[in-house]
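Peer 1: A single structure is presented below for examination.
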Amino acid sequence: MTELSKTGAAVGEPTPSNPSDAFLEVRDLKVHFPTDDGIVKSVDGLSFSLEKGKTLSIVGESGSGKSVTSLAIMGLHRLGARGKNVRMSGEIWLGGKELVGASPDEVRRLRGREMAMIFQDPLSAMHPYYKIGDQIVEAYRVHHNVSKKVARTRAIEMLDRVGIPEPAKRVDGYPHEFSGGMRQRAMIAMALVNNPELLIADEPTTALDVTVQAQILDLIRDLQKEFGSAVVLITHDLGVVAEIADDVLVMYGGRCVERGPVDEIFEKPQHPYTWGLLGSMPRIDRETSDRLIPVKGQPPSLINVPSGCAFHPRCPYADLPKGNVTRTVRPELQQVDGGHWSACHLSPEDRTRIWTEEIAPKL
Ligand SMILES: Nc1ncnc2c1ncn2[C@@H]1O[C@H](COP(=O)(O)OP(=O)(O)OP(=O)(O)O)[C@@H](O)[C@H]1O
Ligand code: SF4
Ligand SMILES: [Mg+2]
């Protein structure tokens with residue numbers, strides 16, 4: 001990730017002035033859904049960038065906007081009935097092309113070939129009534145002018161590559177004939193059949209048992225090494241983040257509250273919400289009673305987002321910054337150091353003291 005802001009100052013949304021600096025660059029992305037109850041601001045001013053060969057993990061509790069962000073990058077909000085009800089603004093640069101303003105056809109051409117997505121539920125990406133092999137063949141032929149035979153060979157190769165036994169036989173199986181883990185692998189084979197340069201994995205292992213989870217993550221990591229792709233990995237599992245991510249982006253209420261290199265986020269986190277997430281991470285070596293209490297309270301409404309800092313109703317330190325600033329002024333991302341940014345009104349001294357004296361000893 002980059003530390004430069006549009007103005008060159010170390011305050012505000014950090015984005016490089018040259019979009020080609022990073023393979024993926026998201027600038028001030030807003031994805032709003034007008035509904036009968038009001039406008040749902042699912043993503044509300046998100047910026048980040050990602051280089052090839054790197055993995056960015058997006059974390060945050062349910063409803064913070066992680067999936068909406070990925071679907072926006074993939075251009076999937078524009079499809080179907082839902083597409084009519086989405087308002088998108090900002091910029092999404094992929095390999096030097098801007099996608100928010102691009103036509104649906106242009107985005108479709110990139111989807112599958114330059115960017116692909118793995119979902120939590122493989123059946124959301126696969127058709128239940130078509131053979132796995134035929135679906136991979138189809139995905140390949142959309143972008144390659146080759147015969148069905150050539151594409152089938154490629155499909156078998158991919159099934160083999162993702163560790164599906166007897167690929168020449170399984171290629172003719174239907175999704176329901178595969179176990180959960182095997183279906184997930186088949187979906188990964190389909191996502192990777194065109195060697196996409198950006199892979200977005202949205203909770204790719206949540207539904208799987210621990211051993212299969214580890215195998216799938218190893219697979220994503222190996223394939224990334226092999227193809228040098230940029231990977232966005234969305235997960236609730238901070239253990240996975242620690243293992244696989246280069247950078248971490250913490251989302252709260254549709255915005256980024258902290259981001260930085262993975263070691264910084266685990267060793268020197270700056271935002272009270274990140275402290276809460278780390279505190280709720282399961283640890284096998286500690287009694288539950290010794291642990292911090294997970295973040296109390298409910299995620300914010302995305303229709304009536306709390307004023308000032310959206311986290312203030314749940315933040316134990318909301319009264320520390322002077323005046324009523326946490327309730328009236330929305331904190332912008334400020335550079336901590338290097339690629340590490342945090343959006344909180346606490347003074348650096350307060351943050352360091354609370355982290356080192358109150359939080360870290362309990363983790
Ligand atoms: N089409 C839509 N219309 C209205 N609201 C929507 C729509 N799609 C998503 N939302 C809302 O946007 C918010 C963010 O949703 P999103 O799916 O991105 O959350 P998430 O961070 O992926 O959560 P989870 O961890 O549970 O997957 C949610 O409150 C959701 O209800
Ligand atoms: S700005 Fe205030 S309320 Fe928000 S996280 Fe920081 S201390 Fe807590
Ligand atoms: Mg989601």
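Peer 1: When all C-alpha to C-alpha distances in the stretch 190-236 are sorted into bins of 10 Å, what percent of pairs does each bin hold, rounded to whole numbers?
Peer 2: The calculated distribution, bin by bin, is 26, 57, 16.
Peer 1: Oh, and also: What is the magnitude of the charge dipole of the stretch 304-363 about its Cα centre, with +1 placed on the Cβ of each Lys and Arg, -1 on the Cβ of each Asp and Glu, and no other charges, expressed in debye to the nearest 20?
Peer 2: Result for the stretch 304-363 is approximately 220 debye, rounded to the nearest 20.
Peer 1: Comparing Asp247, Asp37, Asp263, which has the greatest mean-square fluctuation in the GNM of the chain with Cα pairs linked when under 10 Å apart?
Peer 2: Asp37
Peer 1: Would you please classify the overall shape of the stretch 82-241 from the alpha carbon gyration tensor, given that a ≥ b ≥ c denote the square roots of the eigenvalues, rounded means a/c under 1.5, and beyond that prolate means a/b larger than b/c while oblate covers the rest?
Peer 2: oblate
Peer 1: In the chain, with Lys and Arg counted as +1 and Asp and Glu as -1 at Cβ, which of these residues, Ile354, Val86, Pro196, has the Cα nearest the positive end of the dipole, that is, farthest along it?
Peer 2: Val86
Peer 1: Also: What number, in nm² with one decimal, is the all-direction average of the projected area of the convex hull of the alpha-carbon atoms of the chain?
Peer 2: 19.0
Peer 1: Taking the Cα centre of the stretch 35-160 as origin, work out the dipole magnitude from +1 charges on Lys and Arg Cβ and -1 charges on Asp and Glu Cβ, in debye rounded to 20.
Peer 2: Dipole magnitude for the stretch 35-160 comes out near 520 debye.
Peer 1: May I pose another question? Please report, in whole Å³, the volume per residue of the convex hull around the C-alpha atoms of the stretch 159-212.
Peer 2: Value for the stretch 159-212: 89 Å³ per residue.
Peer 1: Could you work out which residue, out of Val241, Val210, Val262, moves most in a Gaussian network model of the chain, that is, has the largest mean-square fluctuation with Cα springs under 10 Å?
Peer 2: Val210
Peer 1: Something else about it: Provide Rg and Dmax in Å for the stretch 220-363, with only Cα atoms included in the calculation.
Peer 2: Rg, Dmax (Cα atoms, Å): 16.0, 53.
Peer 1: Can you pull a Stokes-Einstein diffusion coefficient for the stretch 125-197 at 20 °C (1.002 mPa s), Rh from Kirkwood over Cα pairs, as a whole number of µm²/s?
Peer 2: 182
Peer 1: What does the stretch 165-261 give for Rg and for Dmax, in Å, if only its C-alpha atoms count?
Peer 2: When restricted to Cα atoms, the stretch 165-261 yields Rg and Dmax of 14.9, 48 Å.
Peer 1: So which of Lys41/Lys268; Lys148/Lys169; Lys41/Lys66; Lys148/Lys225; Lys41/Lys296 end up more than 20 Å apart by C-alpha?
Peer 2: From Lys41/Lys268; Lys148/Lys169; Lys41/Lys66; Lys148/Lys225; Lys41/Lys296, over 20 Å: Lys41/Lys268; Lys148/Lys225; Lys41/Lys296.
Peer 1: Around Lys41, what is the net charge, scoring Lys/Arg as +1 and Asp/Glu as -1 over all other residues with Cβ under 14 Å from its Cβ?
Peer 2: With Lys, Arg at +1 and Asp, Glu at -1, the neighbours total +1.
Peer 1: In addition: The stretch 226-273: percent of C-alpha pairs farther apart than 15 Å?
Peer 2: 47
Peer 1: What value in Å³ per residue do you get for the convex hull of the alpha-carbon atoms in the stretch 30-117?
Peer 2: Looking at the stretch 30-117, the number lands at 108 Å³ per residue.
Every number here is computed from the coordinates shown, using simple stated rules; none is lab data. Remember, predicted model here, so these are calculated numbers, not experimental data. When we count neighbours, we look across all protein chains shown, and the Cβ atoms used for this are built from the backbone with ideal geometry, even at glycine.
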